[in-house]
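Note sheet for the following structure.
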Amino acid sequence: MQRVLVKCTGFIGDILFASSIAKKLKEQSSNTSVDYSISVHQPLELLFNNPYIDNVFLDSNINESDYDNIIVTPLVDQSITPPRQFQQAEE
């Protein structure tokens, strides 16, 4: 099983837009575990309830060596939609 960590930057909206990465990763390979690391607590419950996200960590010291791939979300560029931008960052 491939383990992926998505480290979210930005604020609540940026984190919510970045949640689309998990769905795309799971569609590409059902044998993928997707965890999220976020810095603000407001979207925590929404991410916990996302069926494509396996674990959510809030301001946690995560052992990054446990992951096969780490995706750090980019700063939002207004020229394309944020969900698409975050998905492209993963590609």
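The values are calculated or read from the model by the stated rules, or taken from the named source; none is laboratory data. In this text, all values refer to a predicted model and were calculated from it rather than measured experimentally. We place every Cβ from the backbone using ideal geometry, glycine too, and count neighbours over all the protein chains shown. Please note that ligands, DNA and RNA were not included when accessible areas were found on the heavy atoms of the full protein model with its side chains. Shrake-Rupley method; radii C 1.70, N 1.55, O 1.52, S 1.80 Å.
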Exercise for review: Report the full-extension gain for the segment THR81 to VAL40: residue separation times 0.36 nm, less the Cα-Cα distance, to one decimal in nm.
Suggested key: 12.6 nm
**Study point:** Long-range HN-HN contacts of THR9 with modeled amide H, under 5 Å
**Key:** THR73
Check your understanding: So if R0 is 25 Å, what FRET efficiency would GLN88 and MET1 give, r being the distance between their Cβ atoms, rounded to the nearest 0.05?
Key -> 0.55
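How much area per residue is accessible in the chain when the probe is 1.4 Å and only protein heavy atoms are counted (Å²)?
Roughly 58 Å² per residue, with all protein chains present.
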Practice item. Can you pull the one-decimal nm distance between simple spin-label points at PHE11 and VAL72, each 7 Å off the Cα toward Cβ? Key: 2.2
Review point. List the chymotrypsin sites (Phe, Trp or Tyr not before Pro) in segment 4-61 that DSSP assigns to loop (not H, G, I, E or B) and whose Cβ has at most 15 other Cβ atoms within 10 Å. Which are they?
Key: PHE11
Study note, to complete from the structure: For the chain, the dipole about the Cα centre with charges only on Cβ (Lys and Arg +1, Asp and Glu -1), to the nearest 20 debye, works out at 220
Study note, to complete from the structure: Extension length gain for PHE57 and GLU27 (0.36 nm per residue less Cα distance), in nm, is 8.6 nm
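Quick one: compute the contact order of the chain, relative version, from alpha carbon pairs under 8 angstrom and 6+ residues apart, as a percent.
Relative contact order of the chain: 39 percent.
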**Study point:** Dipole axis of the chain (+1 Lys, Arg; -1 Asp, Glu on Cβ), positive-most option in LEU58, LEU47, GLN28
**Key:** GLN28
Exercise for review: State the percent of C-alpha pairs, over all pairs in the chain, separated by a distance greater than 19 angstrom.
Suggested key: 32
